[in-house]
1. Which members of the range 235-261 meet the condition of being in a strand (DSSP E or B) and either open to solvent by 60 Å² or more (accessible area, probe 1.4 Å) or over 20 Å from Pro213 (Cα atoms) (or both)?
2. Phe50 - would you say it is within 11 Å of the ligand (Cβ to nearest atom) and surrounded by 22 or more Cβ atoms within 10 Å (Cβ to Cβ)?
3. Name the one entry in Thr35, Thr42 that is open to solvent by 20 Å² or more (accessible area, probe 1.4 Å) and within 16 Å of the ligand (Cβ to nearest atom).
4. Considering only residues that are touching a helix residue (DSSP H, G or I) at 6+ places or on another chain (Cβ under 9 Å) and of a type in the set (Asp, Glu), look in the range 1-32 and name the one that is surrounded by the most Cβ atoms within 10 Å (Cβ to Cβ).
5. So Leu416 fits all but one of (1) open to solvent by 30 Å² or more (accessible area, probe 1.4 Å); (2) at positive phi; what number is the exception?
6. Considering every residue within the range 142-149, establish whether at least one is near the ligand (Cβ under 8 Å from one of its atoms) and either under 25 Å from the mean Cα position of the chain (by Cα) or surrounded by fewer than 16 Cβ atoms within 10 Å (Cβ to Cβ) (or both).
7. With respect to the numbered conditions (1) in contact with a Leu (Cβ under 9 Å, 6 or more places away or on another chain); (2) without any contact (Cβ under 8 Å) to a residue 60 or more places away in the chain, which one is the sole condition not fulfilled by Arg198?
8. Name the pairs whose Cβ atoms lie under 7 Å apart, with the first residue in the range 260-287 and of a type in the set (Ser, Thr, Tyr), the second loosely packed, with under 15 Cβ neighbours inside 10 Å, and 6 or more positions between them or separate chains?
Amino acid sequence: MAGAAAMLLARDGHHVTVLERDPPPPPAPADAWNTWERRGVTQFRQPHSFLPRFREVLDDQMPDVADALVADGLLRQNRMAVLPEAITGGWRDGDERFTTITGRRPVLEAALGRATEREPGVEVHRGQSVIGLTAAERVPDGIPHVTGVVTGDGRCRSADLVVDAGGRRSRLPDLLTTIGARRPAEELADLGYTYYGRHYRSADGSIPPMLGPPLQAYDSVSWATLPADNGTWSVVLVTVAGDGAVRAARHVEHWERIARSYPLIAHWLDAEPITGIDLMAGIDDRVRRYVVDGQVVATGLVAVGDALACTNPSVGRGASIAALHAVGLRDALRKVGVDAPRELIDQWHEITAGTTDPLIDDTLLFNQHRVNEMAAQIAGRPYETDDPGWHFGRALTAAAGHHPDLLRAAMSVAALLARGVEVRPWDGIVDQLAAVGPVEACTGPGRDELVAIAA
Ligand SMILES: Cc1cc2nc3c(=O)[nH]c(=O)nc-3n(C[C@H](O)[C@H](O)[C@H](O)COP(=O)(O)OP(=O)(O)OC[C@H]3O[C@@H](n4cnc5c(N)ncnc54)[C@H](O)[C@@H]3O)c2cc1C
């Protein structure tokens, strides 16, 4: 995903060198699913959905790249347009924001990777692993200034600014301590989310109809149905570690039996499966803070994307947040040049504090609440919390299909186009929620029935 940042910076006149550990270059996007191996990205073949916010960043900042992705087979789809008019109330101005450009991860990354390699001002070196940092000899205020990186072949590459886009396994804190910097503060938690996903392909290139939102929360489990490129999609069962009753979902026949018992999910299985059941667990929510006790740990260096903050993919926000980081970094550099390193870091923190930090905080909070809710349901009790934001979000999601305004508010949050606290004051939202009253979001088997089906 570093490609978006590289291209944005290059278009502002910076010379960008991308060092990528994985050697194989991106193949033609049409071949990527079958031929591209990427050891550096653990989730490479896992189900992905790229949100409308990701598309919006591309369309706003690099419309030619957005078009190139679609030309390479990615799916451009409007989430409002695929729903029945009886629910949407018909097309409205502004609904174009719900358009997404999405696809299987290898296909999207191959298309983005090829666009990056075509970009003037960007040099991509593959098979180059960053194993160390270089720092200036003078250390004003005891804060090291990073001047470049060391790669696995022992070569030092100098840079005015080093950007860590090394993903969730970035080793930047270790590298920083070797140049005498303080270790960034890290908040880390494995909430126990467990994903059982499967990819499908239709015979005629079509995508099944959406009978509910892409992410559907039932009592103790959630389901995601994720349209993708070239008539493919994925279906994901989201559970929490310790839910022994659904552990058998790792076997195809159990997974299918469970999936078919959910009326809004079953029809997504009526096609050719192109994978078995892909299981993913042990995914940390991790945020790194590069300002410790009011002091930045180093200058000449920033982290973006998952290297800065990675959250559980239960709401599919990682790529959108990485894209917003790319825009934020470009803007920070527009305001403060690399020759004012301390001010640049301050500017970067100011921008992320006002843009991506609140989105990350919301995501972490959602992930925690949902895990608690699933655990409570497994234990046979309702989930209780006095967080009004959680109750509002739950009520809004459940009522979305009952009023076109509520649908747009709920979809804006799900698409990462607005935060829950931002849509709440929208005209009439609270009144409409009250008028709809308490409703069940999606209907499916209750807990006891699920346990019996999964056995
Ligand atoms: C199971 C799962 C499902 C997900 N689903 C979604 C989804 O549906 N939607 C969504 O938006 N997000 C999703 N995400 C999150 C998304 O994949 C990440 O947020 C996104 O990939 C972050 O991009 P990045 O560029 O920061 O890191 P990455 O995409 O992880 O890229 C990091 C790159 O750095 C390279 N690298 C690492 N270390 C070094 C080094 N030392 N030297 C050189 N190169 C190095 C790696 O090889 C890799 O290419 C999911 C994540 C998981 C785990």
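1. Val240
2. Yes.
3. Thr42 is the lone residue from the list that is open to solvent by 20 Å² or more (accessible area, probe 1.4 Å) and within 16 Å of the ligand (Cβ to nearest atom).
4. That would be Glu20.
5. (1)
6. Checked against the condition, which is being near the ligand (Cβ under 8 Å from one of its atoms) and either under 25 Å from the mean Cα position of the chain (by Cα) or surrounded by fewer than 16 Cβ atoms within 10 Å (Cβ to Cβ) (or both), the range 142-149 yields no hits at all.
7. Unmet condition: (2).
8. So the pair list comes out empty.
The values are calculated or read from the model by the stated rules, or taken from the named source; none is laboratory data. Everything numeric here is computed off the predicted structure, so don't read it as measured data. Heads up, the Cβs are rebuilt from the backbone with ideal geometry, glycines too, and the neighbour counts pull from every protein chain shown. For accessibility, only protein heavy atoms count, side chains too; no ligands or nucleic acids. Shrake-Rupley method; radii C 1.70, N 1.55, O 1.52, S 1.80 Å.
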